[in-house]
Ligand code: COA
């Protein structure tokens, strides 16, 4: 096949490409830093040409113009994870939220939420016409595989990454060429609280462990304390810049991994240009769809697997809320439970929830007698294992309700301990 000819035949502009999106359909857009922003923005500009088009994705990092009030009747967002750009729209009723485990998103696209159009961003094709999904394989590749129409933003600044992470141009309907830096994740601010949490988490990580780390100040703080560890490996939903340094220093070498030894396995990547340059054409890093990487049955094949995720509140029974503040949807379950369940089945696994002991600049305790009214359980008390704050480590697995409450109060902020002790006395008919 003459791929160069085929490529040219499919080339068009963003404005022309979005004219092929029909009304009354479901559009899935590429994820997080892989968002095909030029085509998404062109769709928003042309919103008057559509009726009843549903826009589905998880982490949104672009303009999120489809959530603006004037989109009513034309474009409506259905969020499978809520982020800064979509939170108010979901809260105000201009967008919807659908709860789902991350690893089950491709299954939803096969069953309950069929995909009409996939708007994706990929690297330029190789000599065989294969484009890489670059930083975002996750649900984006499965959506493109299932969609009736695929519109691709081909960006020469999208890294070429390996794994089950390619689409051939014969499977793309419209190609829009751009040369645009990818969205970058700002570096988090790591303060004393995060450092203390990072040090406690690192104390639970043995040499030869395989790690899953989320986004933000706490995972980055953990990495600061892993410099002297040996033979660490990565099997994670995502990773960011911090892993590049640990790989360069040799602390991460993936040599003891029991699944995909020698490789870092992820489903998406979020960071700065430093990360994107590191993963470009780097056979050590492989991306696979999220229904493989985050499937608990895949995760469990990694011995000594350690997951580190965060939370907004933990109640005295160990129920974790990581996604809502009262009725307000703040984020979503993401991959938190995928990993906690996978890790709990892995040989010598450890599932850690790490969070500052307080929120709202110290005004609220995150360890609470009851989750906020209207809030939801993200990780159940049956699944939870370690909770870490800047005051220490609580290990809840196999502990009674009374023992859990005692352990959790011991790592609460001192300002809230009396109040929690009062609740303990009332609940368990004895003093702490
Ligand atoms: N009441 C009121 N405000 C609260 C609150 C509460 N109970 N709990 C937190 N807040 C505030 C915080 O103070 C903060 O506001 P501020 O920045 O003005 O101080 C804001 O809400 C966000 O809280 P924070 O804990 O800083 O959020 P984060 O950005 O660190 O994200 C999670 C934490 C839990 C929301 C995030 O990790 C998440 O979405 N987890 C679920 C998904 C997941 O685990 N995925 C797997 C790995 S990617």
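The values are calculated or read from the model by the stated rules, or taken from the named source; none is laboratory data. Since the structure is predicted, the reported quantities are computational estimates derived from the model, not experimental observations. Cβ placement follows ideal geometry from the backbone for every residue including glycine, while neighbour counts extend to all protein chains displayed.
Scan (1) assigned to a strand (DSSP E or B); (2) at positive phi for the single condition residue 56 breaks and write down its number.
The failed condition is (2).
So that you can scan it fast, the table gives a plain yes or no per residue for (1) within 28 Å of the chain's Cα centre (by Cα); (2) free of Cβ contacts under 8 Å to residues at least 12 places away in the same chain; (3) within 22 Å of residue 137 (Cα to Cα):
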{"residue": "8", "(1), (2), (3)": "no, yes, no"}
{"residue": "30", "(1), (2), (3)": "yes, no, yes"}
{"residue": "34", "(1), (2), (3)": "yes, no, yes"}
{"residue": "38", "(1), (2), (3)": "yes, no, yes"}
{"residue": "44", "(1), (2), (3)": "yes, no, no"}
{"residue": "63", "(1), (2), (3)": "yes, no, yes"}
{"residue": "67", "(1), (2), (3)": "yes, no, no"}
{"residue": "89", "(1), (2), (3)": "yes, no, no"}
{"residue": "114", "(1), (2), (3)": "yes, no, yes"}
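(1) touching a residue at least 60 places away in the same chain (Cβ under 8 Å); (2) part of a helix (DSSP H, G or I): which one isn't true of residue 356, the others all being true?
Of the numbered conditions (1) touching a residue at least 60 places away in the same chain (Cβ under 8 Å); (2) part of a helix (DSSP H, G or I), the odd one out for residue 356 is (2).
Suppose the filter is modelled with pLDDT of 95 or more and in contact with a strand residue (DSSP E or B) (Cβ under 8 Å, 6 or more places away or on another chain); does residue 60 pass it? Break it down into steps so the answer makes sense when it comes.
Working: modelled with pLDDT of 95 or more: no; in contact with a strand residue (DSSP E or B) (Cβ under 8 Å, 6 or more places away or on another chain): yes.
No; evaluated as a whole, the condition is false for this residue.
Restricted to region 260-282, and to residues that are more than 21 Å from the chain's Cα centre (by Cα) and in contact (Cβ under 8 Å) with a residue 40 or more places away in the chain, which residue is nearest to residue 123 (Cα to Cα)?
The residue in question is 281.
I'd like the residue in region 395-416 that is in contact with a helix residue (DSSP H, G or I) (Cβ under 6 Å, 6 or more places away or on another chain) and more than 20 Å from residue 192 (Cβ to Cβ) and, out of all such residues, is surrounded by the fewest Cβ atoms within 10 Å (Cβ to Cβ). Can you show your working first?
Applying the first criterion (in contact with a helix residue (DSSP H, G or I) (Cβ under 6 Å, 6 or more places away or on another chain)) to region 395-416 yields 396, 402, 405, 409, 412.
Filter again for more than 20 Å from residue 192 (Cβ to Cβ), leaving 396, 402, 405, 409.
On the way: 396: 23, 402: 14, 405: 26, 409: 20.
Filtering first and then ranking leaves 402.
Any idea which of 209, 187 is in contact with a strand residue (DSSP E or B) (Cβ under 8 Å, 6 or more places away or on another chain) and on the phi < 0 side of the Ramachandran plot?
On the way: 187 fails: in contact with a strand residue (DSSP E or B) (Cβ under 8 Å, 6 or more places away or on another chain).
Criteria check complete, one pass: 209.
Which one is farthest from the chain's Cα centre (by Cα) among residues in region 198-227 that are within 11 Å of the ligand (Cβ to nearest atom), buried (at least 18 other Cβ atoms within 10 Å of the Cβ) and in contact (Cβ under 8 Å) with a residue 60 or more places away in the chain?
Per the criteria, the residue is 218.
Taking the stated definitions as given, is residue 313 closer than 18 Å to residue 201 by Cβ, within 6 Å of the ligand (Cβ to nearest atom), out of contact with any helix residue (DSSP H, G or I) (no Cβ under 7 Å at 6 or more places or on another chain) and in contact (Cβ under 8 Å) with a residue 24 or more places away in the chain? Full working, then the answer.
Details: closer than 18 Å to residue 201 by Cβ: no; within 6 Å of the ligand (Cβ to nearest atom): yes; out of contact with any helix residue (DSSP H, G or I) (no Cβ under 7 Å at 6 or more places or on another chain): yes; in contact (Cβ under 8 Å) with a residue 24 or more places away in the chain: yes.
So residue 313 does not fit the description; no.
Any idea how many residues of region 22-49 are in contact with a helix residue (DSSP H, G or I) (Cβ under 8 Å, 6 or more places away or on another chain), in a loop (DSSP other than H, G, I, E, B) and buried (at least 21 other Cβ atoms within 10 Å of the Cβ)?
Residues meeting the conditions: 2.
Give region 97-118 a look and list any residue that's in a loop (DSSP other than H, G, I, E, B), away from the ligand (no atom under 16 Å from the Cβ) and surrounded by fewer than 22 Cβ atoms within 10 Å (Cβ to Cβ), or say none.
111, 112, 113, 114, 116
Would a scan of region 372-383 turn up a residue that is surrounded by fewer than 20 Cβ atoms within 10 Å (Cβ to Cβ) and farther than 13 Å from residue 321 by Cα?
yes
Go through region 316-359 and give me each residue that's buried (at least 20 other Cβ atoms within 10 Å of the Cβ), within 25 Å of residue 191 (Cβ to Cβ), within 16 Å of the chain's Cα centre (by Cα) and within 7 Å of the ligand (Cβ to nearest atom).
322, 323, 331, 334, 336
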